[in-house]
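First comes the structure, then the notes that go with it.
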Amino acid sequence: MDREELRGHLDVLLEAARFRDYCPNGLQVEGRGQVRSVLCGVTASQALIDEAVRRDVDAILVHHGWFWRGEDGRVTGFRKRRMATLLAHDINLFAYHLPLDAHAELGNNAQLAKLLGWQPNGRFAEQDIGFIGVAPAPTFSGELAARIGSVLGRETLLVGDAMRPVTRVAWCSGGAQGYFEQAILAGADVYVSGEISEQTVHLARESGVPYIAAGHHATERYGVQALGRHLAENCGLVCDYAELDNPV
């Protein structure tokens, strides 16, 4: 598949142009012109790049790419090593951040819902990033936290009343603890995200709405895998996923 054709397909599919993001979405580093094989991963780390070299793929597709707002833009140290490895092997780097959180079918939040049996029926927060919906059966927040941990393979942190009855769940993958108050206003009985901050604890205690921190990496593994499957089924590409351990 031609690189520019792949870029156009992904940009349109994920509606990349409509998002105000903290990084550029789409093709971040240009490599070879023809793409037949893609390695998917959560973050464009040196370890993922090295794995892409080992597998001799044409492109890397990630959720967390490079060139974040506010970062030091100089290509030195680890940034030079990452860039040098990509360029030396002529590998393309595609990255989609907020577009891959928000997509209604392939996104991180949609895939979390599918994995956990939640039925989304609304959106909230900036650019409709957060999802809200119904749990498959009435439960308690403590039971929900335990189930999430079991499904994701990572221990969760629950702040708040473990016996709070839960029907409506709000969730947003990754570092979305800042949307907690908006989740409460949207009518959530519990809010699930990846990370937690000091002030999150106070809001959970004072609002009566429990907060479940399920891991940034752990909640954002599934969108890029779904996107890879889409490319394999619809574009004829060979797409694999590399799971690199990350305790966060």
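The fewest-to-most ranking of His217, His63 by surrounding Cβ atoms within 10 Å reads His217, His63. Taking every DSSP helix (H) stretch of at least 4 residues in the chain, weighting each as -39,500 (n - 2.57) and dividing the sum by the residue count yields a mean residue ellipticity at 222 nm of -10500 deg cm²/dmol. From the P(r) of segment 128-229, could you give the percentage of C-alpha pairs in the tail past 18 Å? Counting pairs separated by more than 18 Å, the tail of P(r) holds 41 percent. What's the long-distance tail for segment 3-97, i.e. % of Cα pairs beyond 17 Å? That fraction is 47 percent. With a simple spin-label model that places each label point 7 Å from the Cα along the Cα-to-Cβ direction, the separation between Glu181 and Gln34 comes to 5.5 nm.
Across segment 232-243, rounded Karplus estimates of 3J(HN,Hα) from the backbone phi angles (6.51 cos²θ - 1.76 cosθ + 1.60, θ = phi - 60°) give 5, 7, 10, 10, x, 8, 8, 10, 10, 10, 10, 8 Hz, Gly and Pro being marked x. Going from the fewest other Cβ atoms within 10 Å to the most, the residues Phe131, Phe140, Phe94, Phe78 appear in the order Phe78, Phe140, Phe94, Phe131.
Can you sort Tyr222, Tyr241, Tyr22 by how many other beta carbons sit within 10 Å, fewest first? Write down the numbers at each step before the final one.
On the way: Tyr222 24, Tyr241 18, Tyr22 13.
In order of increasing Cβ crowding within 10 Å: Tyr22, Tyr241, Tyr222.
Of interest is the spacing of the C-alpha centroids, which for segment 139-187 and segment 69-122 amounts to 23 Å. Annotation: amide H of Val134 within the under-5 Å range of Gln119, Asn121, Val169, sequence separation 5 or more or interchain, hydrogens built in the peptide plane. Using the Cβ of Leu112 as centre and a radius below 11 Å, the other residues enclosed give a net charge of 0, where K and R count +1 and D and E count -1.
If we sort 170-180, 40-50, 96-106 on the protection proxy, mean other Cβ atoms within 10 Å, highest first, what's the order? Intermediate results must be reported in sequence, preceding the final value.
Values: 170-180: 23.9, 40-50: 19.6, 96-106: 22.4.
Highest mean packing first, the order is 170-180, 96-106, 40-50.
Dividing the mean sequence gap of close Cα pairs (under 8 Å, 6+ apart) by how many residues the chain holds gives a relative contact order of 20 percent. A cut-off under 11 angstrom between Cβ atoms defines the neighbours of Gln34, and their net charge, with Lys, Arg +1 and Asp, Glu -1, is -2.
Shape of the chain from its Cα gyration tensor (a ≥ b ≥ c, root eigenvalues): rounded if a/c is under 1.5, otherwise prolate when a/b > b/c, or oblate? All intermediate terms of the calculation are to be shown ahead of the outcome.
On the way: a/c = 2.12, a/b = 1.87, b/c = 1.14.
In terms of gyration-tensor shape, prolate.
The numbers here are math on the coordinates, done by the rules we state, and not lab data. Remember, predicted model here, so these are calculated numbers, not experimental data. FYI the Cβ positions are ideal-geometry reconstructions off the backbone, even for glycines, and counts take in every protein chain you see.
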